[in-house]
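Reviewing the structure listed below.
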Amino acid sequence: MRVTRDLADQLDNAHRAFATRIADLGLAASLDLDARPAAGDLCLVRVTRLGQHRHVELVSGRRAALAVGDELIVAFGNRYASDQFEALIPPSLAECHLVAAGGIASMAVSQHSKMKAPTDIQPLGILRDASGVALNLSRWGWPGVATPANAPAQPHMILVVGTSMNAGKTTLCANVIRTLRECGLRTAALKLTGTGSGGDLWKYQDSGALEAMDFGNVGLASTAGMDIRVLDAAIGRLCAAVSPQADVIVAELADGILQRETSQLLQQSNLRARAGSILFAASDPLGAAAGVQLLASWGLDVSAVGGLMTASPLAVREFTSFCNAPVIYAAEASAQETSTYFFSPANGQSGKKHAAQR
Amino acid sequence: MLRSAEIIPMRDPAQPVPICGLRAHQSLGAELDYFAYIPRTATMDSPLLITVHGIERMALQHAVRFSKLAEKHSFIVVAPIFSKARVPRYQRLERGPLGDCPIAAFELAVDHVQRATGLASVPLRLFGYSGGAQFAMRYTLAGSLPVGRLALAAPGWFTMPNTQQPFPYGLGESPALEGRAVDLARLLSIPVLLTVGAEDTRRDKSLNREAIVESSQGKTRLERAHRWYDAMTGLAKARGLPQMTQLKLLEGAGHDFDDNMQTFGLGEIVTDWLIN
């Protein structure tokens, strides 16, 4: 272990990434260059070559421009992003990649063809406390809270899932939050899975959410590759932390429903019981129809469909000619009437379905 | 096959009580859309409380605000939505521009609730707020389904119990009734709670300022509530009937529904009146 006398100054001068926001860096006493990184470990890194990510999102949400030589405080984590990078936590502190602007250090193993090579970073050491224990985000994640049997019912959860990354899930969430606000309700917005980043949370907040939280609040840098039971428990902790002032929970699962963790959560987890209704974001009619059908085969009825597909009236017509799940348009009837689409029965309780031609 | 059934089966035949939680029913036809909240504590004997929104049509807010009380007291909440486009003057029981009848749409929705949940819906336990209170009061006078208990909160104006003024201002003949009988005896015979905020005295733009209303009922919701209460209790006394109408002022309350529910205990008062 190498003790750095000027570590505090070094950390003060580094860009602290959003994914590390819950950590107390005042506990950092040393850097360890010999450790094998684990998910959630905090690491001081130096940018050695600029690639795809030329900015890092700070704790404040500001996107700070990067230059070679800049030092960052990031967290190790896997990444699963079909439109960007697939990345795995490396076995050592050799040079690796900044694979997400929220501040995720990892080793890219595949990438979308439109992506540039990832930005290279050199780990300068994992942060350790005075006892030599690695600083890991899990240290600050909210502890699990056992829910007593007679606990008040949680607010209704509207779960938003989709065909893939960039299918319009977060925009759909934002529209739902706005609509609910117009209906006089307060929403807790949760990003249940994904890679540490503030973008979605800011969008939830801008839409009027009472509060916006993600897996980072329960000590996770990302959720890709996690054991499903551990992830389900983390989601339970996140739900338990929802403000009692919230009337409705709007929760988003990252990526598409075929993605490993998303698929597993939808098929075999406590999340199934938590979800009061499900909205499906699709980028195209076939994806929408297939998604509705696949979820039905898992015993989950979709209350309504939205997402990128709804940008095209022709695509919506194509979908509704085949499937009679309601479609949520960007500009619909009144918020009060639109809101009925969010609460149709899910969990295998079939509802009356029709195209929302309003 | 993706197409699914036409009626929401809120009741799973394998379970003794309806599926709990917040649900919406969407209608393609003449009946109203509605939100329903079924508590975890519901049984097939649970009573049903119908809450009718005001002209801002915050039906979802009504369902959510009553949901915690529903959990505590084991009743089902139904909050219908009167479409602004289809029945813009539902509170007066007026047909909409396309001929939709708010009374018929409401009764079809109640029938749907009954079929979907298997719960007894009549006699109705009916609550209305502001414009919804106007609807609830006039429905009790002119609707087909029996109302067992009625709670009215902060209506902007009333149907006064006299025959000198035409309906909906009074009980006199009016084309608006389309031949329906107005049954004042029914309103006098059931327990009616009228609540209004002691500070509900703002003459906002949503308040009816017609001369016929101002001259006979007063200029504010508070004043109009007193006038109607006095008329109802006076009429009951003159007819030798028991006093079934009560007036309760919410000290400090204005006209905001959410404030009335969350700060001034309106939900508890209404629940106590209609359910307990």
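The values are calculated or read from the model by the stated rules, or taken from the named source; none is laboratory data. Note that this is a predicted model, so its numbers are computed, not measured. Cβ sites come from the backbone with ideal geometry, for glycine too, and all protein chains shown count toward neighbours.
Is it the case that some residue within region B:157-167 is touching a Ser or Thr at 6+ places or on another chain (Cβ under 9 Å), more than 19 Å from B:Ala236 (Cα to Cα), part of a strand (DSSP E or B) and without any contact (Cβ under 8 Å) to a residue 24 or more places away in the chain?
The answer is yes; a qualifying residue exists.
Let me confirm something: among A:Ala296, A:Ala289, A:Ala304, which residue is surrounded by fewer than 24 Cβ atoms within 10 Å (Cβ to Cβ), touching a Phe, Trp or Tyr at 6+ places or on another chain (Cβ under 8 Å) and within 14 Å of chain B (Cβ to nearest Cβ)?
A:Ala289
Suppose we filter region A:252-287 for residues that are touching a Cys at 6+ places or on another chain (Cβ under 8 Å) and of a type outside the set (Lys, Arg); how many remain?
Of the residues in that region, 1 qualify.
Can you find even one residue in region B:64-74 that is more than 8 Å from chain A (Cβ to nearest Cβ), part of a loop (DSSP other than H, G, I, E, B) and over 12 Å from B:Gly128 (Cα atoms)?
yes
Among the residues of region A:44-61, is there at least one that is polar (S, T, N, Q), part of a loop (DSSP other than H, G, I, E, B) and crowded, with 17+ Cβ neighbours inside 10 Å?
Yes, there is a match, as at least one residue in region A:44-61 is polar (S, T, N, Q), part of a loop (DSSP other than H, G, I, E, B) and crowded, with 17+ Cβ neighbours inside 10 Å.
Could you count how many residues in region A:212-241 are crowded, with 19+ Cβ neighbours inside 10 Å, more than 24 Å from A:Ala64 (Cα to Cα) and acidic (Asp, Glu)?
Count: 1.
Filter region A:209-238 down to residues that are in a helix (DSSP H, G or I) and touching a residue at least 60 places away in the same chain (Cβ under 8 Å) and give me whichever is nearest to the chain's Cα centre (by Cα).
Per the criteria, the residue is A:Gly216.
How many residues does region A:239-267 hold that are away from chain B (no Cβ under 14 Å) and either assigned to a strand (DSSP E or B) or within 18 Å of the chain's Cα centre (by Cα) (or both)?
20
Please enumerate the residues belonging to region B:249-261 that are surrounded by fewer than 17 Cβ atoms within 10 Å (Cβ to Cβ) and not in a loop (DSSP other than H, G, I, E, B).
Those that are surrounded by fewer than 17 Cβ atoms within 10 Å (Cβ to Cβ) and not in a loop (DSSP other than H, G, I, E, B): B:Leu249, B:Asp258, B:Asp259.
If the requirement is being free of Cβ contacts under 8 Å to residues at least 60 places away in the same chain and either over 23 Å from B:Lys248 (Cβ atoms) or assigned to a loop (DSSP other than H, G, I, E, B) (or both), which of these qualifies: B:Leu207, B:Leu187?
Step by step, each of B:Leu207, B:Leu187 is checked, and only B:Leu207 is free of Cβ contacts under 8 Å to residues at least 60 places away in the same chain and either over 23 Å from B:Lys248 (Cβ atoms) or assigned to a loop (DSSP other than H, G, I, E, B) (or both).
In region A:268-286, which residue that is in a loop (DSSP other than H, G, I, E, B) and closer than 30 Å to A:Ala240 by Cβ is farthest from the other protein chains (Cβ to nearest Cβ)?
So the residue we want is A:Gln268.
Does at least one position in region A:108-116 carry a residue that is in the same structural domain as A:Arg63 (by TED's automatic domain parsing), more than 18 Å from A:Arg54 (Cα to Cα) and in contact with a Lys or Arg (Cβ under 9 Å, 6 or more places away or on another chain)?
no
Can you name every residue in region B:42-53 that is under 8 Å from B:Phe75 (Cα atoms) and among the polar types (S, T, N, Q)?
B:Ser46
If B:Gly99 passes every condition in (1) buried (at least 20 other Cβ atoms within 10 Å of the Cβ); (2) without any contact (Cβ under 8 Å) to a residue 12 or more places away in the chain but one, which one does it miss?
(1) is the only condition that B:Gly99 fails.
Within region A:76-94, track down each residue that is more than 17 Å from A:Leu42 (Cβ to Cβ) and not in a strand (DSSP E or B).
Listed by number, the residues that qualify are A:Ala81, A:Ser82, A:Asp83, A:Gln84, A:Pro91, A:Ala94.
Using the structure shown, decide if A:Leu294 is within 25 Å of A:Arg229 (Cβ to Cβ) and in contact with a strand residue (DSSP E or B) (Cβ under 9 Å, 6 or more places away or on another chain).
The answer is no for A:Leu294.
If we scan region A:301-323, do we find a residue that is closer than 19 Å to A:Ile257 by Cα and of a type in the set (Asp, Glu)?
Among the residues of region A:301-323, at least one is closer than 19 Å to A:Ile257 by Cα and of a type in the set (Asp, Glu), which makes the answer yes.
Quick one: count up the residues across region B:21-63 that are in a helix (DSSP H, G or I), under 13 Å from A:His156 (Cβ atoms) and more than 8 Å from chain A (Cβ to nearest Cβ).
Residues in region B:21-63 being in a helix (DSSP H, G or I), under 13 Å from A:His156 (Cβ atoms) and more than 8 Å from chain A (Cβ to nearest Cβ): 1 in total.
Just to be sure before I move on: is A:Ala81 assigned by TED's automatic domain parsing to the domain that holds A:Leu127 and either without any contact (Cβ under 8 Å) to a residue 24 or more places away in the chain or touching a strand residue (DSSP E or B) at 6+ places or on another chain (Cβ under 6 Å) (or both) in the structure I sent?
No.
Restricting region B:11-20 to residues that are more than 7 Å from chain A (Cβ to nearest Cβ) and crowded, with 19+ Cβ neighbours inside 10 Å, which is modelled with the highest pLDDT?
So the residue we want is B:Cys20.
Kindly evaluate A:Leu185 against the criterion of being within 14 Å of another protein chain (Cβ to nearest Cβ), farther than 25 Å from A:Arg62 by Cα, part of a helix (DSSP H, G or I) and modelled with pLDDT of 95 or more.
In short, no.
Please identify the pairs in which a residue from region A:54-69 that is modelled with pLDDT of 95 or more has its Cβ atom under 8 Å from the Cβ atom of a residue that is among the acidic types (Asp, Glu) and surrounded by 15 or more Cβ atoms within 10 Å (Cβ to Cβ), counting only partners at least 6 apart or on another chain.
A:Arg63/A:Glu57; A:Ala64/A:Glu57
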